[in-house]
Every structure is written in structure tokens, then in C-alpha cells.
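The values are calculated or read from the model by the stated rules, or taken from the named source; none is laboratory data. Model, not experiment: these values are computed from the prediction. Positions of Cβ are generated from backbone atoms using ideal geometry, with glycine treated the same way; all protein chains shown enter the neighbour counts. Note: areas computed on protein heavy atoms with side chains; ligands, DNA, RNA excluded. Shrake-Rupley method; radii C 1.70, N 1.55, O 1.52, S 1.80 Å.
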There are 2 protein chains.
Amino acid sequence: MSTSERLIESTRELLWERGYVGTSPKAIQQRAGAGQGSMYHHFAGKPDLALAAIRRTAEEMRARAEEQFSAPGTALERISAYLQRERDVLKGCPVGRLTQDPEVMADEALRAPVDDTFIRLRGRIAEVLAEGRDRGELAAGLDPVATASTVVAVLQGGYVLARAAQSTEPFQQAVTGVLGLLAGHATAR
Amino acid sequence: MSTSERLIESTRELLWERGYVGTSPKAIQQRAGAGQGSMYHHFAGKPDLALAAIRRTAEEMRARAEEQFSAPGTALERISAYLQRERDVLKGCPVGRLTQDPEVMADEALRAPVDDTFIRLRGRIAEVLAEGRDRGELAAGLDPVATASTVVAVLQGGYVLARAAQSTEPFQQAVTGVLGLLAGHATAR
DNA sequence: GTCTATAAACAGATAGAC
DNA sequence: GTCTATCTGTTTATAGAC
């Protein structure tokens, strides 16, 4: 892997583990096995390197999610597969965690890929939900757009609860709970 | 307000705005209008001051939530009132944001109040949901424990989506969506 | 209790040799 | 392209005067 590639990958890891504010150029260089001169030769500075790293992480996440949604199965099966796929729950979401970084949110260029990731994700899930509703797999009264935000929020909030507890249990519960509601366990009354 | 109080309050604000890693003792002192000597006289250091601030924020949040849950009304009304009460959505949750701080999570003393806050919150919501189910207000098949985690996750994830978008819209959608599911809009099929 | 002085280590670069 | 040297400011304190 080229030095430039190693710098980007190291930055991706550190942004995930420690966030933007908590990541120093020095730490990036050490993890990449590159000197200072190298880093400043390939990138203008920390924000520039972070932008490359964030863009790549966002794109990877988008592609990964699309795999689940374009797979065969009912709407509920696809949403379920997406929520329950293998995840590094205790590490949290590499994109979602950036929303807690004041310097990322303050920089339009850095925030844009984060914003875009969630806009697309919510939109794609809304499509799947609308499809399921129209096919009669889901309730006729279901609001696809609002519910899509709910699904993504359960995921992002599940990470928060798991990290607080240092256990995947609350994440699993949150996912189980929303899938139960979607499946209409609330029907019997 | 005493100097000690001002230091704690300034720390609470800064932890909310910038997190633990992003908050320096100097910034705390400046906002509190206190000198370095003052801060180190009242507190052993940054972790000690942060502990006092986090404990207070956690306790305040717990008390605030309890107000909604002990109010009169059906289970759904109380959950709805809790989710829709006035919130500083774009600032996010002052407790939830700490889960993204590697140094807070690494320090058992600092993580404990965060963990405790969500354990209690999930437990209290599970009680309200169980009550609603037993009274026939909610579906008989509803899982109170799992659904309580879902409700809290929607809140925490809603903050994440709102910050990414710099708009309260996705937060409102996520809340609307989960309330619709709880209310059984999924019933008609 | 509060203030100023001092300090070692780190953050985030820039400059120029190789 | 990579390396070392240098630099300004910040971080997180400690020491001691007032």
C-alpha cells in the first residue's frame, strides 16, 4: 500500500476510535509508519486528510448498506437483515460518531459527506418500506419517510446505548423492539 | 454563585458543546471567570472536575425524565410527551454525547453515571410500557424491555440524524415514526 | 482562596536538506 | 518523496507568593 493510502487508512481508524478532535497528525503518522514530511507532502494538513478519510468511509458505508436493500426478500426481511448484520457494535458507527465532533460539524466540507450518507440511507429505507407497504407486507397506514428515520435512529441510538453499557445487549434489544413493532406484534390488542 | 459552582457549570456546558477531549482546563477557567490556581484548589484536575459535572448532568436528566413518566395519562401519552417535549435537538444529548468520548469510556468513574442514566431510563420506560400493555392501551404482544430500548435509541439516534443534517426534521420524523408504530398504525393490513 | 511564574510534553505546522 | 530541524501556541499541570 502506498504511503498516501496508509495515511488515509490510519486516519479512518483513528477518526473512528478517537474522533477528529482526539486525533493528532502525529498519531496518524505513527500508525501509518510515515514521517511528518510525508504527510504534509501528500496532504495540505489535518482537515485535508480527514476529508479524504471521511469521504471514503461514507462511500464504503453507503455501498455496504445497498447490498442489503437490493437483496431479494420482503421489505421486513431486508430491513431485518440490515439491522442484524454483523457489526462492531461497541465501536459505534464511524459516520455517526462524527456528528459529535464540533470541528467536523463546523466545517461544511467535512460535514457534507456525513449529511449525505444519512440522507441517502433514509431515502433508500423509505423506498423499501413503501414497497413493502404497497405489496401489503406492511401496514397500509405506515409512513415510509418517518419510519425510515426511525429505523436509522434506532441503529444510531443503539450504538450509543451499547457504548454506555459496554455491552451489545441494549443494541440488540432496540433492534428487536423496532422489528417487533414493524412486524405488527402490536396488532393483537 | 461560588467559584466552585461556576467551574462545574462551565464544565457542563463545555462537555456538552465540545466533549471531554475537546475541552481544556484553560477554556473552563475562562468561561467560569476563574484563574488556574482557583481551579486546582477546588478540584484535583480535569478528570475530577469532569466527574462532578457529569454526575450533575446525569442526575438532572434523570429527574427531568421522571417528571414526564409520573404525570397522568395513558402510557402512550406519557411516552409521547417525553419524546416530544422541548429539547435542544441540534445540541444533542449531554449524556449520550459522552459515549463518543474515548477517555470518558476508558475511565470507569466517568462512564458509571452515563451507564446508570440509561439503565434507569430504559427501566422506567419499560415500566410505563408494561403498565400500558397490562391496561390494554398497548398491544398484548409488546415486549416492554426491548421496546423501551427502542424508544431511548430513537431519541439518541434522532439527535445524531439532526446534527448530521443541521436540522431538527429527521429527529421529528424518527419520533413520529416510532409513535405511529407504538400506536398501532401498523394494525390495518 | 486566588494569583502569577514556570515547565515538560504535545499540536499543528513550515523550511530546507537529501 | 521522505527526513530532520525549527517554531508558535496549547495542554495540563506544579510551586510558591499574596
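Observations on the model:
- Failed item in (1) closer than 19 Å to A:Ala58 by Cα; (2) within 7 Å of chain B (Cβ to nearest Cβ), with A:Asp143 passing the rest: (1)
- Any hit, region A:170-189, residues being more than 19 Å from B:Gly157 (Cβ to Cβ) and in contact (Cβ under 8 Å) with a residue 12 or more places away in the chain: yes
- When the criteria are applied in full, A:Leu76 meets the requirement of being more than 11 Å from DNA strand C (Cβ to nearest atom) and more than 16 Å from the chain's Cα centre (by Cα).
- Residue in region B:90-98 that is within 14 Å of DNA strand D (Cβ to nearest atom) and either open to solvent by 20 Å² or more (accessible area, probe 1.4 Å) or farther than 30 Å from B:Glu137 by Cβ (or both) present: no
- Among (1) open to solvent by 30 Å² or more (accessible area, probe 1.4 Å); (2) within 30 Å of A:Thr23 (Cβ to Cβ); (3) more than 11 Å from chain B (Cβ to nearest Cβ) - the single one A:Glu131 does not satisfy: (2)
- A:Ala109 vs. criteria under 28 Å from B:Arg133 (Cα atoms) and small (Gly, Ala, Ser): no
- Region B:20-63 - residue that is within 14 Å of DNA strand C (Cβ to nearest atom), among the polar types (S, T, N, Q) and not in a loop (DSSP other than H, G, I, E, B) and, of those, least open to solvent (accessible area, probe 1.4 Å): B:Gln29
- Which listed residue, of B:Leu83, B:Leu7, B:Leu14, is within 11 Å of DNA strand D (Cβ to nearest atom) and among the aliphatic types (A, V, I, L, M): B:Leu14
- Subset of region B:143-154 (residues that are open to solvent by 10 Å² or more (accessible area, probe 1.4 Å) and of a type outside the set (Val, Ile, Thr)): B:Asp143, B:Pro144
- Residue in region A:116-123 that is farther than 30 Å from B:Gly123 by Cα and either modelled with pLDDT under 95 or in a loop (DSSP other than H, G, I, E, B) (or both) present: no
- Boolean, B:Glu9 is out of contact with any strand residue (DSSP E or B) (no Cβ under 7 Å at 6 or more places or on another chain), modelled with pLDDT of 95 or more and within 14 Å of chain A (Cβ to nearest Cβ): no
- Here the condition is being more than 14 Å from chain A (Cβ to nearest Cβ), open to solvent by 50 Å² or more (accessible area, probe 1.4 Å) and either out of contact with any strand residue (DSSP E or B) (no Cβ under 8 Å at 6 or more places or on another chain) or outside any helix (DSSP H, G or I) (or both); of B:Glu103, B:Glu17, B:Glu66, it holds for B:Glu66 alone.
- Test set (1) more than 7 Å from chain A (Cβ to nearest Cβ); (2) out of contact with any helix residue (DSSP H, G or I) (no Cβ under 6 Å at 6 or more places or on another chain); (3) of a type outside the set (S, T, N, Q); (4) within 21 Å of A:Arg163 (Cα to Cα) - B:Pro94 fails condition number: (2)
- Filtering region A:20-47 to residues that are within 14 Å of another protein chain (Cβ to nearest Cβ) and within 11 Å of DNA strand D (Cβ to nearest atom) leaves A:Val21, A:Gly22, A:Ser24.
- Considered as a group, the residues in region B:155-179 that are out of contact with any Ser or Thr (no Cβ under 6 Å at 6 or more places or on another chain) and within 7 Å of chain A (Cβ to nearest Cβ) include one that is most open to solvent (accessible area, probe 1.4 Å), and that residue is B:Thr176.
- Of the listed requirements (1) within 18 Å of A:Ala165 (Cβ to Cβ); (2) within 11 Å of the chain's Cα centre (by Cα); (3) not charged (D, E, K, R), B:Pro102 misses just one: (2).
- Residue list for region A:70-96, filter: outside any helix (DSSP H, G or I) and not small (Gly, Ala, Ser): A:Pro72, A:Thr74, A:Arg85, A:Glu86, A:Arg87, A:Asp88, A:Cys93, A:Pro94, A:Val95
- Within the set B:Val89, B:Val95, B:Val21, the sole residue that is more than 22 Å from B:Gly158 (Cα to Cα) and not basic (Lys, Arg) turns out to be B:Val21.
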